[in-house]
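One structure below.
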Amino acid sequence: ALQEYHEGKYPGMKIAAASSADTPTAVKIGRQALKMLEVVPGVTVMDCLIRGHDGQDVNQIGRTPPLSSDKAATHFPRLKEATRISYDKMLFFDDCNWGDHCTNVANRCKEDNGKGVVTYKTPVGLRVQEWQNGMAKYAKERS
């Protein structure tokens, strides 16, 4: 999925991460991994995450203030502010197996028009099929 994004298959799309890594050490490890893992040779996941955001790191990673374990209350409002992208233009993939961030975000992060973040649960991680299914769900809900 990130290879397709990097290759320009989704013009105008911007991506970001919202993670509730539970300790400061986990946040450091997660951020370092994003800077090390390559999507294609020489291009890291972090490179993809900051593309489209004027090179700014808008990712919301962790649970220490101002973030919390409640992504709907902290991560998504901060993403909306940092990116200037309204909730009804967002698609959220979540691999959490011990809570339901998808329902929480979908129910609480809405615009005045009643539309909010489209969510897609990925309990075994974000694989190509989950990416395609989430994109199809977004297209259907926004058509």
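Given the condition closer than 22 Å to residue 27 by Cα and open to solvent by 80 Å² or more (accessible area, probe 1.4 Å), answer yes or no: does some residue in region 108-118 qualify? No, region 108-118 contains no residue that is closer than 22 Å to residue 27 by Cα and open to solvent by 80 Å² or more (accessible area, probe 1.4 Å).
Mind telling me which of the residues 138, 120, 87 ends up being out of contact with any Asp or Glu (no Cβ under 9 Å at 6 or more places or on another chain) and touching a residue at least 12 places away in the same chain (Cβ under 8 Å)?
Details: 120 fails: out of contact with any Asp or Glu (no Cβ under 9 Å at 6 or more places or on another chain); 87 fails: out of contact with any Asp or Glu (no Cβ under 9 Å at 6 or more places or on another chain).
Criteria check complete, one pass: 138.
Note on region 24-95: enclosed helices (runs of 4 or more DSSP H) holding 1 or more residues that are of a type in the set (Lys, Arg), touching a helix residue (DSSP H, G or I) at 6+ places or on another chain (Cβ under 7 Å) and open to solvent by 70 Å² or more (accessible area, probe 1.4 Å) are 24-36. Starting from region 1-26, keep only residues that are within 17 Å of residue 96 (Cα to Cα), then list their pairs with residues that are β-branched (Val, Ile, Thr) whose Cβ atoms are within a distance under 7 Å, requiring at least 6 positions of separation or different chains. As it stands, the answer is 16/58; 16/83; 17/61; 19/61; 21/27; 21/61, since those pairs meet every condition given.
The values are calculated or read from the model by the stated rules, or taken from the named source; none is laboratory data. None of the values given here were measured: they were computed from a predicted structure. Neighbour counts run over all protein chains shown; Cβ positions are idealised from the backbone, glycine included. The protein model used for the area step is the full one, side chains on, heavy atoms only, and it has no ligands, DNA or RNA in it. Shrake-Rupley method; radii C 1.70, N 1.55, O 1.52, S 1.80 Å.
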